[in-house]
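Enquirer: Got a structure here, written out as structure tokens. Questions coming.
The values are calculated or read from the model by the stated rules, or taken from the named source; none is laboratory data. The model shown is predicted, which means the values in this text are computed figures rather than measured ones. Every residue, glycine among them, receives a Cβ derived from its backbone with ideal geometry; neighbour counts consider all protein chains shown.
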Amino acid sequence: MPPFDQTPDKPQSFGYKISWYAVKAAAPGAVLDALEFGEGAPANWRTGLAAAHSREGKAPERYVFAAPPVSGWTLVAGFWLPEPYIPSQGPRDGSKFEELFTGLMNRFARVQFFGSYRVVDYCAWARAENGKVVRIFSCADGEVYANLGEQTPEEARLNFARLDGLAPPEATRRLYEAAEDIEAEQNALIAGGVPEREAQAKVSRMRRALPNESDVVELAGLWSVDPTQLSEQDNPEGLGLVARIPEKYSLI
């Protein structure tokens, strides 16, 4: 493992093109232990997040950064964290995510997961409370890959499409139907003389179809912590822990 700067620093923002767990816990080491990622090496926010964002290393040289707690939440970020994904075959079958998520929810009362990668329109979120899965959702390239649990009040507040009880193929069709409805509403407003940008903004306030990376961090802020705002907040300096992602959890 390369050396990391151990000079405590202020929290730094992240949240795009990366995945992370938010765990209601005060000890980053305990969260890494539940993930079975090892003890980790001390690192400040700057070098820890740089390692977590890196896409260059091959397994097992892929890292997560377990940050110092913020508002009672420990955030564990890493580009290579397995995501909720449920196709019938292939390397991304969801079992790696399920194993990690289960390990955390068996140890901590509140566990969440978020991820996005705009290159393939990947978005994901998951939530467990008191040892039970409340919600798991993921999509990429316009296709839903996981849709478990009922829509949470926070998702409804953000005007996400209602997908309760739908298997991924049906959920995908519902999202495209919602997108078509939104386009029709926008076109009707534009035809009535509303400027295009204003029409888009008006409709988006009422409903959303395919989610994007901004939706992911907005939901994170409603559920726990919006990591894109960390640099703007008055939190103390600190050190977190960098750990390798075990090779068995490697995505590719």
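Enquirer: Within the range 206-250, can you find the residues that are crowded, with 18+ Cβ neighbours inside 10 Å, in a loop (DSSP other than H, G, I, E, B) and over 19 Å from the mean Cα position of the chain (by Cα)?
Expert: Hit for the range 206-250 is L239, nothing else.
Enquirer: Hey, another quick one. Pick from the range 118-134 the residues that are free of Cβ contacts under 8 Å to residues at least 40 places away in the same chain and in a strand (DSSP E or B): which of them is nearest to Y16 (Cα to Cα)?
Expert: So the residue we want is Y122.
Enquirer: Among the residues of the range 161-186, which ones are in a loop (DSSP other than H, G, I, E, B) and surrounded by fewer than 19 Cβ atoms within 10 Å (Cβ to Cβ)? Don't jump to the end; show me each part of the working.
Expert: Initial filter on the range 161-186 (in a loop (DSSP other than H, G, I, E, B)): 161-167.
R162, D164, G165, L166, A167 - these are the residues of the range 161-186 that are in a loop (DSSP other than H, G, I, E, B) and surrounded by fewer than 19 Cβ atoms within 10 Å (Cβ to Cβ).
Enquirer: Looking for whichever is in the same structural domain as N130 (by TED's automatic domain parsing), out of contact with any Leu (no Cβ under 9 Å at 6 or more places or on another chain) and not in a loop (DSSP other than H, G, I, E, B) here; the options are A50, A34. Which one fits? Step through it out loud before you land on a result.
Expert: Numbers: A34 fails: out of contact with any Leu (no Cβ under 9 Å at 6 or more places or on another chain).
When all the criteria are applied, what remains is A50.
Enquirer: If I go through the range 166-199 residue by residue, how many of them are under 30 Å from G149 (Cβ atoms) and without any contact (Cβ under 8 Å) to a residue 60 or more places away in the chain? Walk me through how you get there before you give the answer.
Expert: Residues of the range 166-199 under 30 Å from G149 (Cβ atoms): 166-185.
Remaining after also requiring without any contact (Cβ under 8 Å) to a residue 60 or more places away in the chain: 166-167, 169-185.
Residues that pass the stated criteria total 19.
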